[in-house]
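Okay, so here's the structure we're looking at.
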Amino acid sequence: MISKDKILEILNDWNFWNKEIETGLERKEYLEKMERYYKMDLVISLVGIRRSGKSTLMLQFAKKLIEEKGISKNNILYVNFEDSRFLGEYSLDLLNNIYEIYLENLTPDKKPIIFLDEAQNIEGWEKFVRSLNERKEAKIFVSGSNSHLLSSEFSTVLTGRQLPLIIYPLSFEEFLLFNKIEITGKLDLINKQARVKKAFEEYLEFGGMPKQVFLKNSDDKFLLLRNYFEDILSRDLIYRFKIRQTEKLKTLAKFYFSNESSLISFNGIAKFLKMPLSTIERFSEYLTYPYLIYFVSKFSFSLKEQAVNPRKIYISDLGLRNAVSFDFSENKGKLLENLVFLHLLKTDKEIYYYRTANNLEVDFLVKEKQKIKLLIQVCLTLKDFKTKDREINSLVKAMQELELKEGLILTKDEEDAIEVDGKKIKVMPVYKWLLEKIIDNN
């Protein structure tokens, strides 16, 4: 059993009580959401892929409370359950001891604000959190890298008491800021276009995991990202679900990472990889839990038709994809499509792909509540006549079927306005579309 003095030593290393802690560049959009959520009487859960910045955001928000809200350092407790010194000690008793030691030694004079980082390492943590929340004894933030664990535990024990906030790898706007490129509006983008385009190429190659941005060497970046991939599989899947067929899990994960933006069927994968269908189904579901992969269904007004059609696969981060993929050939069209998906994912709208009555495919159908808002095609270039004809025809046909007046084609560099049969199609580069909020608001 870990001693009280050792627990206090570990806690002291991670908290602001007697020292300043470097918390890196702020991710303002998330911090603003955390501040809004903080005012509600709910448990706030930060969930997302491992290494996407949840721990840093917790520390940044704690620092913000101290510096901007005047909250005493002693009223804040941050616990990192990924600290190796806690290994082998994970239990509800450890969590209770941590809280008692904190109260005894820091003697907070107001309601404590508690940050439990990677809380799912402690079995029964949700009961501890519920107890404090019910008694209004503390304000609690928790983080976790596994959507299934958090959602299932919350749904049974913390129903109606939690507010989730999904943390993603860096957006392109954040990636630019991490590279010291700030865009303040349309004219500023024109002035910095060369730097922005160069950064966009790096973003396509290395993705948005925050730490790799600060590494200068490409090999070092990919080494770090491969370690992240192995760590996610090991900690969030193999260890947690006691998976014995580890090589089969890795093979399936790498298969998905080599087939981003593609239609897949479990039957087809089972035959290709020579694995049992039941294994493919089970492992595919597992791979969604730590936010590694996402499946997108075909849009249909019939749920049954949605269920029987192939789904498209997208990867959580292009840097991870490029670091571990079987496919070493460059297919920027698929990478661009995956990037568009990741941006749409953050809008909290429903995302589908669409097939017309004559089997033409549109990459994205975006739905909000009961209304279809947008159709999007993504391709590397429209310079090839056959590609241009295919992309436009598919989009126009879908717009006609769904009674939409406008559509969008996203490319690597091209910009245009096209009108076909009374339907307006906007063509624009993906990098500009990713920065549209800044450009339109300034």
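From the list 371, 312, 332, 298, the one residue that fits, being in contact (Cβ under 8 Å) with a residue 60 or more places away in the chain and charged (D, E, K, R), is 332.
Reported count of residues in the range 181-233, each being over 21 Å from residue 321 (Cβ atoms), among the basic types (Lys, Arg), assigned to a helix (DSSP H, G or I) and free of Cβ contacts under 8 Å to residues at least 40 places away in the same chain, is 1. Quick check, is residue 371 more than 20 Å from residue 429 (Cα to Cα) and not small (Gly, Ala, Ser)? So residue 371 fits the description; yes.
If you filter the range 378-389 down to residues that are in contact (Cβ under 8 Å) with a residue 24 or more places away in the chain and crowded, with 16+ Cβ neighbours inside 10 Å, you find that the one that is nearest to residue 356 (Cα to Cα) is 378. Scanning the range 202-212 for residues that are under 10 Å from residue 169 (Cβ atoms) and hydrophobic (A, V, I, L, M, F, W, C) returns a single hit, 209. Evaluation of residue 325 against the conditions (1) in contact with a helix residue (DSSP H, G or I) (Cβ under 6 Å, 6 or more places away or on another chain); (2) at pLDDT 95 or above shows that the sole unmet condition is (2). Does the range 20-31 contain at least one residue that is among the aromatic types (Phe, Trp, Tyr) and surrounded by fewer than 18 Cβ atoms within 10 Å (Cβ to Cβ)? No; the residues of the range 20-31 include none that is among the aromatic types (Phe, Trp, Tyr) and surrounded by fewer than 18 Cβ atoms within 10 Å (Cβ to Cβ). If you go through the range 158-173 one residue at a time, do you hit one that is modelled with pLDDT of 95 or more, assigned to a helix (DSSP H, G or I) and under 19 Å from residue 51 (Cβ atoms)? Yes: one or more hits.
When 373, 437, 383, 369 are checked against the criterion of being more than 27 Å from the chain's Cα centre (by Cα) and among the charged types (D, E, K, R), 383 stands alone in meeting it. Of all residues in the range 359-366, at least one satisfies being more than 24 Å from residue 428 (Cβ to Cβ) and either of a type in the set (Lys, Arg) or assigned by TED's automatic domain parsing to the domain that holds residue 259 (or both). Tallying residues that are acidic (Asp, Glu) and under 12 Å from residue 378 (Cα atoms) within the range 403-442 yields 2. Among the residues making up the range 393-416, those that are crowded, with 16+ Cβ neighbours inside 10 Å, touching a strand residue (DSSP E or B) at 6+ places or on another chain (Cβ under 6 Å) and part of a helix (DSSP H, G or I) are 394, 395, 396, 398, 399. Candidates are the residues of the range 59-94 that are aliphatic (A, V, I, L, M) and over 23 Å from residue 21 (Cα atoms); the one that is modelled with the highest pLDDT is 94.
The values are calculated or read from the model by the stated rules, or taken from the named source; none is laboratory data. All figures in this text were calculated on a predicted structure; none of them were measured in a lab. Cβ: placed from backbone, ideal geometry, glycine included. Neighbour counts: every protein chain shown.
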